[in-house]
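For reference, the structure discussed in these notes is given below.
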Amino acid sequence: MNAEQPTIPRIWVFVEQQEHQVHPVSWELLGAAKRLSADLPGSVVEAVLPGHQVADLAPQAFQYGASRVYVIDNPVLEIYRNLPYAVAVSRLVTEYRPEIFLIGATTLGRDLAGSIATRVGTGLTADCTELSIDPANHILAATRPTFGGNLMATILCRRHRPQMATVRPRVLPMPEPVPDATGEVVNVPFNMREEDVPVKRLRLIRAKEQPNIEYADVIVAGGRGVGGPEGFALLQELADALGGMVAASRPVVDAGWLDASRQVGQTGKTVRPKLYIAAGISGAVQHRVGMSGADVILAINTDPNAPIFQIATLGIVGDLYEVIPALIRQVKGQSYDGQAHL
Amino acid sequence: MNHRKNGQTAPVAEVELPHVNIDDLIVCLKYYVDEENAHIRIKDQAICAACNPKPCLAFCPAHVFETDRHGRMMVSYQACVECGSCRIACPFRNVDWRLPRGGHGVAYKYG
Amino acid sequence: MHAVVAIKQVPDTSNVRIDPETGTLIREGVPAIVNPYDIHAVEAAVQLKERVGGGQVTVITMGPPKAAEALLECVEQGADRAILISDRKFGGADTLATSYVLARAIEVINAELPVDIIFFGKQAIDGDTAQVGPGVATRLNIPLITYAVAIEEFDLAARRAVVHRRVEQGIEVLETTLPVLLTVEKEIAPVRHAPLPRLIAAARYQPEVWTATSPVPFDPQQIGLKGSPTVVGKAYTPAPRSGGEVISVAALGLDAVVARAMAVIEQAHIRNLQPVTGVVS
Amino acid sequence: MTGRLTFDAIVVGAGPAGVAAALTMARGGLNVIIIERGRFAGAKNLFGGVFYTHALADVLPDYWERKPPFERPVTEQGYWMLSPDSAIRVMHKSERYLKEPADAYTVLRARFDPWFAEQAVAAGALLITRTTVTRLLKDERGRVIGVDTDRPEGQVYAPIVIIAEGVNNLLTQQAGLIASDLPPKYVALAVKEYINLPAKELQTRFGLSGPREGVAIDVFGDVTLGLPGTGFIYTDQSGISIGVGMLLDEFVTHRLRPYEVLERFKRHPVVRPYLEGGEVREYGAHLIPEMGYDRMPKLAGDGVMVAGDAAGMVDALHREGTNLAITAGKMAGETALAAHQAGDFSAAFLSQYRRKLEGTFVLQDMKQYRRMTDFLESSPQFMGTYVNLLNEAALRYFTAHGIPKRTMEHEILKMVRERRSFTGVAWDMLKLMRAMRG
C-alpha cells in the first residue's frame, strides 16, 4: 500500500455532496481544519470526496484550504447510502491513518460517522460546536452541548486514531475561498458493485414539510406588543426575507393570533435558532427558557425595562412598527433569501 | 350568595397587590401536556362575552383564562394546575372541566 | 416476526435547570423518562407486529437498575420481553462500547429467535449523539436506515421492506433486505394510550437482568471505560446568557439603530443557510 | 384480552385516604387495585399542612423502620398575627417535641405519597398510575360494580369501590353521595411555593439546631388582607413551604389573584428576611374542602364508600387533613373486609363505616368545629380588625416610654372602641365560643 510517511498528522474533512452540490458545512470544516492545523506542528489538511463523477468539485476543496483531495468515484456512490460510503471511507482511513477526521453533523454525516468509527474502532464525538487542539498533548479537544444544551462537555480521544468528530453546520464561520489555490488529487480505487448494496433508493419525494419552528434557523417572534394578528403579517415579511419562520409568546397564542404550534416557551416549544428576533416580547422567564439557546438574539421593545433585554445580543428600545419595516428594506437589499450563496 | 354587610369588610380594595407575571411562576412546573385533548373548554362563548366582571381572569391560580381583544375567552389549559376552581366558581357554570388524560397535566416535584 | 427495540432511560432534559448560584445542574426532582424517540420505536415495533399478524417484540436497555422502570413502560406499550443489561462494569461507556454491548446482546437474542428488524430512537435527548444505532448496525453487518418515518412495506417471506426516511431534500423511499436496523423519528408511529390490561401486566412483570458475565459473557476489553476510546476532559455549564448592548431609536435615530441590527444579524452568519425544506438547486 | 378485569376492591386515588384503605384491605387478604391519574402517587398532590403521625402509626405500626421521607419534625409551632407592617408572634417550643418519631412532621407530598403508596404495594396492592377514572359502573339497580378509565379496555370490576379522588369530587357526585359541586363559599383555594434554601442557612434563620428540628407557623391577619383565611410557613429539609389560603369565594368577590396575594405575603417586612436569597423551585395551587360536618356527603352507598378530601374530611381550624384521610381510609378498608366476609356490599352494611368514624376524632372534631367556616366568613373582624388592633396595641405597649401606664391603657381601649364597639366585641367572643364548641 502507498501509506507514505504515516508520521504526517493528517487532518481530514469529509466533503459532503449530494446531487453534485457540496454542503456548506464541509467548507466550514475545512476552515476549522486549517485553524487546528496551525496548532498541530507538521500537519496537513486534506479532503475526502466520495461520489460519482464528482472530481470536478475538488478545486473548490483546494480553494477552501485542502492541500490534497481523495476522490473516491464509483456509481454505487452516486446516491448516498450507508454501506458503500462507510466501506469506502473506512478503507481509506485504515490506509492513511489520519490524525483527525471531521464530518458535518448533517443527516448524512450523522448516518455515516458512527458507522466509520465502529468499523475503524475509534472514538467519535458527535455534534460538536467547538474544536481546538489541546496544547499540552496535541490532541483534539471537541466540545459539545449535552443535557439539552444545559451542559458543555469537552471530549478527548487519547489513544485511538483518527480522532473523529461531527460538527454542527453553521456553528463555525465560513472561510473565504482562495480563488487560485490548487492541490493534489488522489484518485482512490473502489470497486463495490451495485448488487453488493442491500439498500436501494426507489424514489425521493421532494415535499414541503409541515412548518416546525424547532428546526428553523431564523425565527421572528412576536409578543403581546405586536398588538394584534395584523402585525404578524409584518413579522412574516421579515421572516420571509431572512428565510425564517414566525413564532410567538404565550399571550399571542392565548389570544388566538397564532397557532399553538408556533408558541415558544415553557408550555410551548424550545427552539435553538441561529437568529431569534423578539418583537414586542417582554421576556418572562416562561418565554426565555424556550429561546435562550439561540445564538444571536435581537430584541425590539418599547419598554426599556423589558427583561428580554437581559439576554439579548442587541436590544433596541423603539417601536417595532418603525424598526421592522426599516430592517426589511435593508435585509431585502442584501438578499438573505435562505438560499446557499457560494 | 355573599351575606356580608358592607362596612364590616376589611378594606381590601385599598390594598395594592404587587404585580406578578404568572409565567415566571409556572416556569418551574413540570407539565406533561396532552397536545390532542384540552381538558378545559368554554361551553358557550356568548356567556363569557356577557359576563361581567369575569372573575376567572383573577382567581385562576395559573391564569389559564384570558380574553383576546375581541372579548373571546381563551383557555391555555396547558398551564393548568388542575385545582378545579373554575369548575365551581364560574358564576355561570360555563366551564367544561374534566381531569386530564391519565399521566398528563401537571406533575409536582415537591408538592 | 421478531423485533428488537433498544431503548434508554434519560433525565427529562426539558426539566433540567441550572442552579444560578453554583452553576451546576439541578438533578433533584428531574424525572427519568423513556427517551422520547425510543417510545415511538417501541410503538412502531408493536404496530408492525400487529400488522403482520403476530410475533414478538423484545426490548433491551443498558443502564442502572433503575432503568427497569423504563422497560416496564415499554411492556405497557406492548413489548413481550424486556431485558435489562446492567452491571457496574458497563459504566462509563461511550457510543463505541455501548454499541458493542447492544450488538452482542442482540446476537444472543437472535440465536434464540431470529431477529427480523431492530429499532432505535433517532437519538437520546441527554447525549444527542445519534451514533449508537449506526454503530450497532455496523457491528451486526446489517443495513441501516436512519431517520425512518414510515414503513411502507414489510414482507417477511420475501425478506424485504420499504422504508421512508427523512433527509434534507424530503423523504427518501428505500428498499432494504431484512434484517434491517432503523433509527426512527417520532412520526414513525404515534404513541397510543396503552390499554389497562397492559398496565396491569407490566406492573406484575419482572424484566430479565443480564450482567457482564451472565447469562453470556461480554468481552471485558470492549465494555465500560475500558472499551471507550473517548473520555470527558471537562464538563461545564455554559456561561449564563448576559445581555449585550441596549440602544434606543430615540437616542440614535432609526438609521444608526438599523445599521447596528444588521451587524448583529450578520453575526449570526445565516447567509450560507441551506433551506430547511425544498430542493437544493 | 378477554374476560373482565375483576378485583375484590377498587380504590380511586393514591393519596393518603386511598393508600390507607388499600393497605388495610391488602393486609386483610383482598385483591386490591389502586388507580391513580398522576404519573406517580403524589404527582397531583400539594398541601400546606403538617403531617401528624398518629394516624399513620395506626395503619402502619412499624412505619418508622420503613424510613418515611419526612422533611423535618415540628419542634416549634405557633401563630404570627400580621398587621401591614408588624407582627405578633406566639410560638411554642418545647423539649417535649424532641422525640423520635415525633408527633408531627413537615412533608412534601410528591416525596411522601410515593413512599406511602409503596407500602401498600409491598402489602400486595396493585398500583396503576397514569390512568384516570372517568366514571363509575353501575348495575341495573344502581349499585356500583366497578369503574371505567380513560385507557382502552379500561373497565375494572369489583364488588366494592372506595372513592378517594380528592377535592374535585366528580365520582362522589356520580355515586349519588353528594347532590352537587361544592359552592365556592365552602372551598378554600390555597397557593403555595416551595423555596429552596441550604439547610444550614435555613436553620440559622429559624433558630434550629439541626435537621431534627423544624418550625410550623400559621399566619393570620394581613396575610389574607384581613379576609378569612390563613397563611403558613413550614420548614422543609432544605427549603421553605410558604402559602396562603382563602375561601374561593373571597378571591371571586374581591377579584384577587392568588399568586399576588402570596407575593404580597412574601414581601411583608417580617416575612421577607426568612426567604431572602431562596429560589422558587415550585409553585402550585389546590382546593381544600371546608364544607364542614353538616355538608359532608353520605359516606357509603351500594358498593361504594368515600374517604378523604372527597368526603370533606378536613379540620381547617387545626390544619388537619391527611390524618383524617388516613384514619378514614383505614375504616373504609376495614368495612370492606367485613363486607367481603359477610358477602354483603349494600349501603346498609357499609353504613358501619360511618359508625366507626363517629367513634374517632375524624367525625368528632368535624362535628365540634361544624360552624367554623360560616363563623369566620360572617365575622371578618377576627382576621382584620382584631389582628391589626392587637399589633397596634402591642406597639403602644412596647414603645410607650415616658407615658403614664394608665394613659397608655386608656389609649389602647379607646382604639378598640373606635374600631369596634364593646358590645360588638362581646358579641364576637360569644360567636367564636359557639363556633369552637360546635
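Ignoring everything except DSSP H segments at least 4 long, calculate the 222 nm mean residue ellipticity for chain A; use -39,500 (n - 2.57) per segment, divide by total residues, nearest 500.
On the way: 8 runs with 88 residues, N = 342.
Result for chain A: -8000 deg cm²/dmol, rounded to the nearest 500.
If I model a spin label at D:Glu276 and A:Met192 as a point 7 Å from the Cα along the Cα→Cβ vector, what separation in nanometres do I get?
The two pseudo-label positions are separated by 6.8 nm.
Any idea how far the Cα center of the range A:274-325 sits from the one of the range B:84-99, in Å?
If you average the Cα positions of each part, the centres end up 36 Å apart.
Let me confirm the definition first: pairs of Lys residues in the range A:188-342, 8 or more apart or on different chains, C-alpha distance under 27 Å. How many are there?
Details: A:Lys200/A:Lys208; A:Lys208/A:Lys269; A:Lys208/A:Lys274; A:Lys208/A:Lys332; A:Lys274/A:Lys332.
For the range A:188-342, qualifying lysine pairs total 5.
Using a basic spin-label model with each label point 7 Å from the Cα along Cα→Cβ, how many nm lie between D:Arg141 and D:Gln352?
1.9
So with the 1.4 Å probe, I'd like the accessible area per residue for the protein assembly as shown, rounded to whole Å².
Dividing the accessible area of the protein assembly as shown by its residue count gives 39 Å².
Any idea what angle helix D:258-267 forms with the longest principal axis of chain D, computed on alpha-carbon atoms, 0 to 90 degrees, nearest 10?
40
Need one value for D:32-39: mean number of C-beta atoms belonging to other chains within 10 Å of its residues' C-beta atoms. It would help to have the intermediate numbers written out before the result.
Details: counts 0, 3, 0, 3, 2, 8, 11, 11.
Taking all residues of D:32-39 together, the mean is 5.
Give me the percent of the accessible area of the protein assembly as shown that comes from carbon and sulfur atoms, probe 1.4 Å, all protein chains in place. Mind showing how you got there, number by number?
Working: 23380 of 45130 Å².
Roughly 52 percent of what the probe reaches on the protein assembly as shown is carbon or sulfur.
Which aspartates and glutamates, on any chain, are close to C:Lys89 with Cα under 19 Å apart, when same-chain ones fewer than 8 places away are left out?
Qualifying aspartates and glutamates at Cα under 19 Å: C:Glu208, C:Asp219.
If you take the beta carbon distance between D:Asp344 and D:Lys93 as r and set R0 to 30 Å, what does 1/(1 + (r/R0)^6) give as a FRET efficiency, to the nearest 0.05? Mind dumping the intermediate values first?
Values: r = 51 Å, r/R0 = 1.72.
The value I calculate is 0.05.
Find the centroid of the Cα atoms in the range D:315-374 and in the range C:196-229, then give the distance between the two in whole Å.
47
Using alpha carbon centroids, what distance separates the range A:93-145 and the range B:13-83, in Å?
50
Hey, what number do you get for chain C at 222 nm if only DSSP H runs of n ≥ 4 count, each worth -39500 (n - 2.57), divided across all residues, to the nearest 500?
Values: 7 runs with 80 residues, N = 281.
The per-residue figure over chain C is -8500 deg cm²/dmol.
Looking only at C:Asp94, C:Asp12, C:Asp128, which one moves most when chain C is put into a Gaussian network model with springs between Cα atoms under 10 Å?
Evaluated over chain C, the most mobile residue of the options is C:Asp128.
Any idea how far apart D:Lys200 and C:Glu266 come out in nm if each label point goes 7 Å out from Cα toward Cβ?
5.1
What full-extension length gain, to one decimal in nm, is calculated for D:Glu411 and D:His54 as 0.36 nm per residue of separation minus the Cα-Cα distance?
Values: separation 357, 0.36 × 357 = 128.52 nm, distance 4.70 nm.
Here the segment from D:Glu411 to D:His54 would lengthen by 123.8 nm.
Ignoring everything except DSSP H segments at least 4 long, calculate the 222 nm mean residue ellipticity for chain D; use -39,500 (n - 2.57) per segment, divide by total residues, nearest 500. It would help to have the intermediate numbers written out before the result.
On the way: 16 runs with 160 residues, N = 438.
The helix contribution divided over chain D gives -10500 deg cm²/dmol.
First select every other residue whose beta carbon is under 12 angstrom from the beta carbon of A:Tyr276; then total the charges, Lys and Arg +1, Asp and Glu -1.
Working: positive: A:Arg272, A:Lys274, A:Arg288, C:Arg241; negative: A:Asp217, A:Asp295.
Taking every Cβ under 12 Å from that of A:Tyr276, the sum is +2.
Once a ≥ b ≥ c are taken as the square roots of the eigenvalues of the Cα gyration tensor of the range C:102-200, is the result rounded (a/c under 1.5), prolate (a/b larger than b/c) or oblate (a/b not larger than b/c)? Numbers along the way, then the final one.
Values: a/c = 1.16, a/b = 1.01, b/c = 1.15.
Cα axes put the range C:102-200 in the rounded bin.
Name the residues of the range A:101-130, by number, that are at least 50 Å² less accessible with every protein chain in place than in the isolated chain; the surface is that of heavy atoms, probe 1.4 Å, without ligands or nucleic acids.
Buried-area filter returns A:Thr107, A:Arg110, A:Asp111, A:Thr118.
Run down the lysines and flag those whose C-alpha is under 20 Å from the C-alpha of D:Lys44, throwing out any fewer than 8 positions away in its chain.
Within the straight-line limit of under 20 Å, D:Lys44 reaches these lysines: B:Lys30, B:Lys109, D:Lys192.
What is the protein assembly as shown by shape, rounded, prolate or oblate, if you read a ≥ b ≥ c off the alpha carbon gyration tensor as root eigenvalues and call it rounded for a/c under 1.5, prolate for a/b larger than b/c, and oblate otherwise?
Numbers: a/c = 2.21, a/b = 1.57, b/c = 1.41.
Prolate.
Rounded to the nearest 100 Å², what is the sum over both chains of accessible area buried where B meets A, with a probe of 1.4 Å?
Working: alone 8490 and 17160 Å², together 24340 Å².
Buried surface at the B/A interface: approximately 1300 Å².
Under 19 Å from a label point 7 Å along Cα→Cβ of D:Ala394: give me every residue in the range D:84-126 with its amide N that close.
Answer for this model: D:84-94.
Hey, in the GNM for chain D with a 10 angstrom Cα cutoff, which one of D:Ser351, D:Ser83, D:Ser180 fluctuates hardest?
D:Ser180
Ordered by packing density, taken as the mean number of other Cβ atoms within 10 Å over each peptide's residues, highest first, how do A:145-151, D:240-246 rank? Before the final figure, lay out the partial values.
Details: A:145-151: 19.0, D:240-246: 25.4.
So the peptides A:145-151, D:240-246, ranked by packing, come out D:240-246, A:145-151.
Within 12 Å, Cβ to Cβ, of C:Pro134, how many net charges do the neighbouring residues add up to if Lys/Arg are +1 and Asp/Glu are -1? Before the final figure, lay out the partial values.
Values: positive: A:Arg110, A:Arg119, C:Lys122, C:Arg139; negative: A:Asp111.
For residues surrounding C:Pro134, the net value is +3.
Calculated FRET efficiency, B:Phe92 and A:Arg91, Cβ-Cβ r, R0 60 Å, to nearest 0.05? The partial results should precede the final answer.
Numbers: r = 75 Å, r/R0 = 1.25.
After rounding, the FRET efficiency stands at 0.20.
Provide the buried accessible surface between chains A and C in square angstrom, both chains summed, 1.4 Å probe, rounded to the nearest 100. Kindly include the intermediate steps, with their values, before the conclusion.
Numbers: alone 17160 and 16050 Å², together 25150 Å².
Summing both sides, the interface buries roughly 8100 Å².
Can you tell me the length gained on complete extension of the stretch D:His401 to D:Arg66, counting 0.36 nm per residue apart and subtracting the Cα distance? Walk me through the numbers on the way to the answer.
Working: separation 335, 0.36 × 335 = 120.60 nm, distance 5.70 nm.
Using 0.36 nm per residue and subtracting the Cα-Cα distance, I get 114.9 nm.
Antiparallel versus total DSSP beta bridges in the range C:2-222: what percent is that, nearest 5? Could the numbers behind the result be given before it?
On the way: 19 of 45 bridges.
Counting only bridges with both partners in the range C:2-222, antiparallel ones make up about 40 percent.
C:Arg88 to C:Val232: FRET efficiency via 1/(1 + (r/R0)^6), r the Cβ-Cβ distance, R0 25 Å, to the nearest 0.05?
0.85
How would you classify the range C:2-222 from its alpha-carbon gyration tensor, with a ≥ b ≥ c the square roots of the eigenvalues: rounded for a/c under 1.5, else prolate if a/b is greater than b/c, otherwise oblate? Don't skip to the end; give the middle numbers.
On the way: a/c = 1.38, a/b = 1.28, b/c = 1.08.
Rounded.
So how tilted is helix D:405-419 from the main axis of chain D? Cα-based, degrees 0 to 90, rounded to 10.
50
Rounded to the nearest 20 Debye, what is the dipole magnitude of the range A:213-333 about its Cα centre when Lys and Arg each give +1 and Asp and Glu each give -1 at the C-beta?
240
With a 1.4 Å probe, how much accessible area is buried between chains D and B, both sides summed, in Å² to the nearest hundred? Show your work: numbers first, answer last.
Working: alone 19920 and 8490 Å², together 23310 Å².
Accessible area lost upon association: around 5100 Å².
Only helices at least 15 Å long along their own axis, judged from Cα atoms, and with Kyte-Doolittle mean hydropathy of -0.5 or greater: name those in chain C from DSSP H.
Values: long enough: C:36-52 (25 Å, -0.13); C:95-112 (26 Å, 0.76); C:254-267 (20 Å, 1.07).
Once both thresholds are applied, what remains is C:36-52, C:95-112, C:254-267.
Under 20 Å from the Cα of D:Lys414, which aspartates and glutamates turn up, not counting those fewer than eight places away in the same chain?
D:Glu392, D:Asp428
The values are calculated or read from the model by the stated rules, or taken from the named source; none is laboratory data. What you are looking at is a predicted structure, and each value in this text was computed from that prediction instead of being measured. Note: ideal-geometry Cβ built from the backbone for every residue, glycine included; neighbour counts use all protein chains shown. These accessible areas exclude ligands, DNA and RNA; they are computed on the full protein's heavy atoms, side chains included. Shrake-Rupley method; radii C 1.70, N 1.55, O 1.52, S 1.80 Å.
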